[in-house]
Every structure is written in C-alpha cells, then in structure tokens.
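The values are calculated or read from the model by the stated rules, or taken from the named source; none is laboratory data. Given the structure is predicted, the values throughout are model-derived calculations rather than measurements. All Cβ positions, even for glycine, are placed from backbone atoms using ideal geometry, and neighbour counts span all protein chains on display. Note: areas computed on protein heavy atoms with side chains; ligands, DNA, RNA excluded. Shrake-Rupley method; radii C 1.70, N 1.55, O 1.52, S 1.80 Å.
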Amino acid sequence: MTGAWRPDEDDQQRGASGPVRVRVPAKINLHLGVGPLRADGYHELNTVYHAISIHDELTARRGDTLTLTMEGEGAGELALDDSNLVIRAARALAAQTGRPAHARLHLRKQIPLAGGLAGGSADAAATLVACDALWGTGLSRDDLAAIAAGLGSDVPFLVHGGTALGTGRGEAVSPVLVRPTSWHWVVAIADGGLSTPEAYRELDRLRDTGDAPAPIGSTDALLAALRQRDPAVLAAVLGNDLQAAALSMRPTLAATLRAGAAAGALAGIVSGSGPTCVFLTRDADDAERVAGELTAAGVCRQARPAHGPVAGARVC
Ligand code: C5P
C-alpha cells in the first residue's frame, strides 16, 4: 500500500480541494451458483457479476470529522452511523493509509435498499474511490479491492465493474474478457426488501428438506453464451440458485416473473437474493416496451430499462 498520511503535510497539497463526485452502478448476477455453507458462515460461490446502468452517486468534501447525509431511495430508512457501510468504508481506507477519516459524505441513492442489486456494497465501493481521490491516497484499483473485500463479498466487484467471474465467497473477482456487447435489461423493483442472510439460510433449509432445485453448477455455459453475443443464447443459460429461496420468502415474485415472460422478455430471473427481478430483452426498444408492460401489469413498484456492462465506481 502507498500514500501514508504525514501530519506535517498541508492537507490541501494532496488530493482534491473541491468536492469529489463518484458514480457507482448496481450489479446483477447472470449466474449465481451457491455451494455448501463454509465454516466461516459464508457459502462458496461460482458467480458471474454484471454491472448495470442504475447508479448511486457519492460526493465527498473536506471536513473536520466524518459525516454522512443521504437523499433518494431509502432516505430515512438507513442508519447513517458507524453501522453504515459508507462510514465503515471511509474508516477502513483511513486506517489502511494511516490518516484521519475526515470527510463530509453525501449519498444520492437510486439503487433500492435490500433489493438484491448490491446497493450498500456499491456505496461502500464509491466511498473507497471518492475518499482515495479526496485524500490523495493514490491507491490502485487492486489495493482498493483488497480493502473492499473486508467490507462485503460484492464490494470488490463494484470497484471494478464490467462483467466478472466471482469465486470464494464472491470477493475473488476476475474480469470476463469478451468483445464489447451491450445487453438490455428491465429491472423490476419490488416494494420492500429481502434479507440476504435469510435468503441463504432459506436455501440451506430447502436443500436440507430436498425442496430446492438441482444446483445450477459451473459457469461454463454462461461464459460461452457471453462470447456468442446473442441475447437469445444468453437468455437460455441465466440462472440463480438463490431464486428458489427468494420465491419461497416472497411467493408474489412468481407473478412478476410470469408477467415478464408474458410481455415477451427473453428470460427473467431474481437478482441476487431478491426481491428485484431482472429481464433480458432483445434491444433498447424492447426493454422500453417490456418495462411499460410490467408497470401496467402492476407486478412491481417500478420497472426500469437498464443496460450493461458499465464501469464500476468512477470519479465523474
Ligand atoms: O459479504 P456480505 O456481508 O455482503 O454478506 C452478507 C451475508 O450474506 C453474510 O453474512 C452471509 O450470511 C450471506 N452470504 C453467504 N455466502 C456468501 C455471501 C454472503 O452466506 N458467499
């Protein structure tokens, strides 16, 4: 690691003097293969992450203490104290680089809370990138991703973005290198959230009682489909082991998935641990149309077109 803070140095000489604004995307999992429960309480994963064009924005300004304010999705519902992943991320970067965690942070949220789109993890990734620029700590993406892994399984991916393979508990990320293709999605956001730990526990329970579908297994078919660049081919191999758990906890999601199929989406899956559902469509026009039909069907709080892959947390 580089960039240790020296107390005799004028803070204004390093880093940004004005506000630093960072945009960070939501993620979906094109493939979420969940293995057995490990001794550390996490499950071994085999996943393909994909960053999509629904963004949160974090602004970092100089300050004498560490403060957080927020607006947008979930404002008023989220604690803004030391339990918040944004505050934890700022403190983790400060501790790692030996400087005080002083910043005024403001979050504008569009990614729903507890929606299966890794909104909290995205905000943590944005904080690492923003504070690195504000404080002039000059860490590499890989250095930031290493700190990110201590904050949550999805956080390293949101530092990098794009489409990437995730292994271990999800924190070991390597980019999927394919010719650039934009995929067009509809994101159906539900009322209320689902707890990720509860979804994993529910999957374990369904597996114990023999009520879970067979595991989706390796990512080989998904990676081959990405190389073919044909949405109909990709649609046939999307999969999520947590979907059975999300449907068991929130049976009404079955109606959302059916409505997407009826609207002509190529495929629909629960995103991560849910309750957001994502639908793959042929192109941008098709995504607009499917989003309109899902909204009209009244099966979700909001249906939004989105495209991917997009970059991870970036100063804008
Ligand atoms: O890593 P993160 O804090 O986002 O994970 C939240 C919870 O989700 C974990 O405490 C665990 O219950 C569950 N989880 C899991 N296996 C993973 C990732 C998360 O069981 N690979």
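Of the residues examined, Leu68 is not one that is crowded, with 18+ Cβ neighbours inside 10 Å, within 22 Å of Gly152 (Cβ to Cβ), out of contact with any strand residue (DSSP E or B) (no Cβ under 6 Å at 6 or more places or on another chain) and modelled with pLDDT of 95 or more.
Every test in (1) closer than 30 Å to Gly18 by Cβ; (2) surrounded by 24 or more Cβ atoms within 10 Å (Cβ to Cβ) is passed by Arg314 save one, and that test is (2). Within the group Thr167, Thr163, Thr209, which residue is more than 16 Å from the ligand (Cβ to nearest atom) and more than 18 Å from Ile269 (Cα to Cα)? It is Thr209. The set of residues from the range 277-313 being touching a residue at least 24 places away in the same chain (Cβ under 8 Å), small (Gly, Ala, Ser) and in a loop (DSSP other than H, G, I, E, B) comprises Gly312, Ala313. Among the residues here, Asp56 does not qualify as of a type in the set (D, E, K, R) and free of Cβ contacts under 8 Å to residues at least 24 places away in the same chain.
Do we have any residue at all in the range 48-56 that's within 17 Å of His106 (Cβ to Cβ) and open to solvent by less than 60 Å² (accessible area, probe 1.4 Å)?
There is at least one residue in the range 48-56 that is within 17 Å of His106 (Cβ to Cβ) and open to solvent by less than 60 Å² (accessible area, probe 1.4 Å).
Whenever a residue of the range 128-157 is over 21 Å from Arg21 (Cβ atoms) and hydroxyl-bearing (Ser, Thr, Tyr), its partners that are within 11 Å of the ligand (Cβ to nearest atom) and in a helix (DSSP H, G or I), lying with C-beta atoms within less than 9 angstrom and at least six residues away or across chains, give the pairs Ser153/Ser121. If the condition is being of a type in the set (Asp, Glu) and open to solvent by 60 Å² or more (accessible area, probe 1.4 Å), then the range 191-229 contributes Asp191, Glu198, Asp208, Asp211, Asp220. Of all the residues in the range 85-111, those that are open to solvent by less than 10 Å² (accessible area, probe 1.4 Å) and within 16 Å of the ligand (Cβ to nearest atom) number 4.
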